[in-house]
Structures are given as C-alpha cells and as structure tokens.
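Asks: Just dropping this structure here.
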C-alpha cells in the first residue's frame with residue numbers, strides 16, 4: 001500500500017530536479033545560443049520553485065500576510081516568508097540578467113549573422 | 001430563498017468549471033488535428049474563451065455561492081470576474097493580430113480557404 | 001555530437017538529478033513540508049505590529065517593521081542591505097546593456113509610425129491605463145498586501161513592451177518616453193533609495209544620537225530615530241513605503257530602457273522586408 005502523501009512529495013521533488021536537469025542539459029549540450037538562453041531560464045525558474053517549496057508547510061499552510069487572526073494561529077500556520085523574500089528578488093534579478101544576455105546575443109547576431117556557437121567559433125573576431 | 005440562490009450559483013459555477021475542462025480538451029485535440037494556421041488559431045481561441053473565460057466565471061460563482069474563504073471571497077470573486085472580462089476583451093485582439101500577420105505572410109493553405117474578406121477591402 | 005558523448009551526457013545528467021534528489025530526501029536542504037525554521041518564525045511573530053506589541057510586549061516594538069506583509073518587511077527591513085545590493089546587481093546589468101549600446105546611432109526615420117491594425121490599437125489603448133493602475137496599486141500597497149516595488153516595476157514594464165509591439169518603437173519615442181528621460185527617472189529612483197537608506201546616518205551626524213544604516217523603526221541601542229509608521233492616520237510602515245515607491249520608479253524605467261534598446265524600429269524592418277539589402281542581413 002503506497003502512502004499517497006509520501007508519493008506526492010516524492011513526485012514533486014523528483015519532478016523539480018528532473019526539470020532542473022533538463023535545463024542543465026540544454027545549457028551544456030545545445031549548440032544554439034537561443035536554446036541555451038531558454039534552458040537557462042528553465043533552470044533558474046526551477047531553482048526558484050524549489051526554494052519556495054522549502055518554505056512550504058504541508059497541512060494547512062496560509063500566506064504570510066497578517067489579516068487579523070489570533071497571533072498563535074498565524075505564527076503556527078503561515079508558510080516560511082524567508083525563501084519567498086529571497087526568490088522575489090531573485091526573479092527580478094534573473095529577468096534583468098536575461099535581458100542583458102538577450103541583448104548581448106542580439107548584438108552577436110548583428111555582428112556575426114548567426115547564433116550557432118559552432119559557427120561563431122570558426123569565424124574570426 | 002437566499003440559500004437556494006447561492007446553491008444554484010455554486011452548482012452553475014461547478015458546471016462552468018467542468019465545461020471549461022471539456023473545452024480545453026476539444027481545443028487541444030483541434031490544435032493537433034486541424035490542417036493549417038488559421039484553423040488552428042480557431043482551436044486556440046476556443047481554448048482561451050472556453051478554457052479560461054468560462055472557468056473564471058465559474059470560480060467567481062463558486063466563491064459567491066459558498067463560504068470557503070470567509071469575507072475574502074468577495075475580493076477573490078471580483079478579481080476572477082474582472083480577469084475573465086479582460087480575457088474576453090484581449091484574447092480576440094491577440095488572435096486577430098496573429099491572423100492578420102499570417103495572412104500577410106501567406107502562412108495559410110489557399111486550397112481550403114472559403115472566403116477572404118480582406119481581399120476586397122484593402123489592398124495593402 | 002557523437003553517440004558515445006550523447007550517452008555519457010545523459011548518464012551524467014541522470015546521475016546529477018538522482019544525487020540531488022537523494023540529498024534533498026535525506027534532509028540536505030532542511031525539513032520539507034513540515035515545521036518552520038526559527039528565523040522564519042521570528043519574522044512572522046515580529047513583523048506585524050499587532051503581534052509584536054500585544055503578544056510579545058511593548059519592549060518588542062523596536063523589532064517590528066510595522067507591516068502586516070512579512071515578505072516585504074523582510075525584503076526592505078530585516079534583510080534590507082541584502083535587497084539594496086541586489087538592486088545594485090540589477091542596475092549593473094542594465095548599465096552593462098546601456099554601455100554596449102553606446103555608439104550605435106539611431107536610424108533616421110522616414111515614415112510616420114503606423115503599428116498594427118486599429119482593432120489591436122484600440123484594445124491596447126484600453127489596456128495600458130489598467131496596467132499602469134495595477135502596477136501603481138501593487139507598489140503603493142506593497143506593505144499591506146502581497147507585492148512591492150520589484151513586482152510593480154516588472155508589471156509596469158509590460159506597458160512599454162506592449163506599446164512597442166503594437167504601436168512601434170517610434171510611437172513611444174514620440175510620446176516622450178525616450179532613453180534619456182527613462183535614465184533620468186531611473187536615476188531619481190535610485191537616488192531616492194539611497195537617500196531613504198542614508199537619512200538615519202545623516203540624522204545621526206546632525207543630532208549626535210546613534211542610528212543604524214537602513215533603520216526603519218527604533219532598534220535596541222538606537223532608540224532615538226524612527227521613521228513615522230503612520231502618515232495621516234494610514235499605515236505606511238516607516239521607510240518601507242518610500243523604498244517601495246522609489247524601487248518601483250527605478251525598476252520600471254530600467255526595464256523601459258532595456259526594451260527600448262533591444263527593439264528594432266518598424267521603419268527599418270519594413271524597408272528591409274520590402275527591399276532587403278546588405279545592411280539588413282543583421283536583422
């Protein structure tokens with residue numbers, strides 16, 4: 001008999017690490033810079049989701065916004081706010097870094113006419 | 001009397017929710033099976049209106065008909081209804097822009113096209 | 001890629017995933033799904049003023065950030081310096097893009113901007129004010145409800161990119177949203193953040209009392225300085241409201257600069273699509 005709760009938790013963790021693996025594979029193995037950037041985005045978002053999951057409380061987690069409950073209930077049930085605060089900044093920083101990478105890729109394309117790293121390697125800079 | 005109305009609202013919302021899942025299934029099948037860009041765009045629009053607009057209205061009705069979130073359910077119901085009507089407004093504009101771009105670049109099959117309304121109107 | 005290398009990379013990938021999952025399951029990242037870390041419990045029990053004052057006692061008022069939204073109080077009060085330097089990283093990325101752009105001349109525009117069809121333009125004109133209003137409400141309510149300066153800036157940044165796609169880049173420039181003005185407002189936001197962070201220190205130098213950098217309410221050891229928690233009867237959580245406002249300005253206009261940089265003018269694209277040519281190969 002499978003414990004359904006344990007199964008769901010295992011499934012979530014495995015799925016997250018699997019997605020991170022897909023992102024890692026794309027960054028390392030795909031030759032085209034656009035696909036590298038997409039894979040980098042997948043990797044970053046997966047890590048963010050993992051950090052949010054670390055602060056989650058399974059039975060009855062409530063958001064960390066105080067809305068007038070009894071204080072003990074709030075502290076006893078609210079999810080951990082610290083990973084959420086870190087992920088919040090990480091998302092915006094990730095978006096800015098993505099834009100910088102995309103801009104560099106765009107300039108590379110304007111200069112070389114391709115984003116395939118195998119072809120760029122052969123060109124003279 | 002008021003209990004009856006809220007119960008009806010909750011059940012209607014649930015029906016819309018289930019209907020949204022069915023619309024989404026139909027849209028997914030259409031995306032895979034239909035032959036060219038414009039007819040696949042039709043399937044995508046079915047997915048947006050049937051699979052996002054109706055379920056959001058359903059969520060709003062369910063929240064109004066039950067008391068699962070305390071007094072915050074009115075905020076959530078209003079947000080869901082507002083989002084639904086924004087989707088109703090924005091999704092056709094998006095698919096219109098896509099269809100127009102596809103027509104300009106000729107990304108459709110002319111042999112199964114029934115009528116081209118833009119051909120008579122503008123020349124650009 | 002040859003077959004051996006493909007198999008090797010797949011095996012290495014699976015090994016990495018399995019090792020990470022095993023490490024997580026063995027407790028390598030702390031408890032999953034149950035309990036809360038003591039630091040998180042501390043933030044939860046001190047950030048909302050009601051809990052800090054009524055339950056822990058009036059002497060704990062200094063530990064509170066006077067905000068019912070715990071995540072925002074962590075971002076701008078408890079771990080404020082962290083966020084301050086993350087903002088620095090963010091704007092270094094933007095400055096990097098602007099520095100690469102330096103020296104590239106703007107194309108001369110020949111035709112008026114036309115954009116997409118009238119249907120799309122009408123819907124966009126309806127959408128943009130809603131977008132700006134939602135972004136402003138996310139920023140100005142950031143200390144009460146989920147949200148804050150970062151999220152509001154990212155939400156507002158949707159507006160310029162929609163305008164660029166629907167109306168063309170030139171429409172945005174003609175309406176006065178130029179790179180120079182965006183740089184000005186971004187710098188104003190950044191200077192505002194720096195001022196709010198440094199005002200306790202300036203006050204400390206003037207008055208001779210002790211105050212910390214980035215202090216919001218009074219802290220044990222620096223009791224004399226605190227930002228006003230209420231402004232005209234409304235809870236503004238001291239410095240958090242001001243920091244959200246300035247961060248909103250800085251992030252939204254920073255993204256506007258980047259979108260202006262990475263977009264290509266409609267006129268150029270059209271002439272390239274019609275005529276083609278040597279200089280058009282790079283688009």
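Every number in this text was worked out from the coordinates using simple rules, so none of it is lab data. As the structure is a computational prediction, the values presented were derived from the model and not from experiment. So basically every Cβ, Gly included, is an ideal-geometry build from the backbone, and we count neighbours across all protein chains shown.
Asks: For the stretch C:70-280, report the translational diffusion coefficient in µm²/s to the nearest whole number, using Stokes-Einstein at 25 °C, 0.890 mPa s, and a Kirkwood Rh over Cα pairs.
Replies: For these conditions, the coefficient is 127 µm²/s.
Asks: Which length gain, in nm to one decimal place, applies between residue C:29 and residue C:82 when the Cα-Cα distance is subtracted from 0.36 nm times their residue separation?
Replies: My answer for the length gained is 16.9 nm.
Asks: With angles folded into 0 to 90 degrees, how steeply does helix C:3-25 sit against the dominant principal axis of chain C? Use alpha carbons for both and round to 10.
Replies: Relative to chain C, helix C:3-25 is tipped by roughly 20 degrees.
Asks: Please compute the Kirkwood hydrodynamic radius of the protein assembly as shown from all pairs of different C-alpha atoms, in Å with one decimal.
Replies: Computed over Cα pairs of the protein assembly as shown, the Kirkwood hydrodynamic radius comes out at 27.0 Å.
Asks: Give the average, rounded to an integer, of partner chain Cβ atoms located within 10 angstrom of each Cβ in C:10-19.
Replies: Going residue by residue through C:10-19 and averaging, the value is 4.
Asks: Along its principal axes, what span do the Cα atoms of the stretch C:193-283 show, with the longest given first and each in whole Å?
Replies: Sorted from largest, the Cα extents of the stretch C:193-283 read 71, 30, 18 Å.
Asks: Please rank C:207, C:137, fewest neighbouring Cβ atoms within 10 Å first, as an exposure proxy.
Replies: C:207, C:137
Asks: Something else about it: Considering every residue in C:140-150, what mean count of other chain Cβ atoms within 10 Å of its Cβ is obtained?
Replies: Taking the mean over all residues of the peptide, I get 2.
Asks: Could you work out, for the stretch C:15-151, what percent of all Cα-Cα pairs fall into each 10 Å distance bin, beginning at 0 Å and stopping at the bin that holds the largest distance?
Replies: Histogram of Cα-Cα distances, whole percents per bin: 9, 18, 23, 24, 15, 9, 2.
Asks: State the three equivalent ellipsoid semi-axes of chain B, derived from the C-alpha gyration tensor as the square roots of 5 times its eigenvalues, in descending order and whole Å.
Replies: The equivalent ellipsoid of chain B has semi-axes of 38, 15, 10 Å.
Asks: To continue, here is another question. What's the angle, to the nearest 10 degrees (0 to 90), between helix A:81-112's Cα axis and the longest principal axis of chain A?
Replies: It is inclined by approximately 10 degrees.
Asks: Still on this structure: What's the average, rounded to a whole number, of partner chain beta-carbon atoms within 10 Å of each residue's beta-carbon in A:93-104?
Replies: That average works out to 6.
Asks: Further question on the same structure: What is the angle, in °, between the Cα long axis of helix B:54-65 and the longest principal axis of the Cα atoms in chain B? Nearest 10 is fine, range 0 to 90.
Replies: Its long axis makes an angle of about 10 degrees.
Asks: Rg(Cα) of chain A divided by 2.2 N^0.38 Å?
Replies: 1.49
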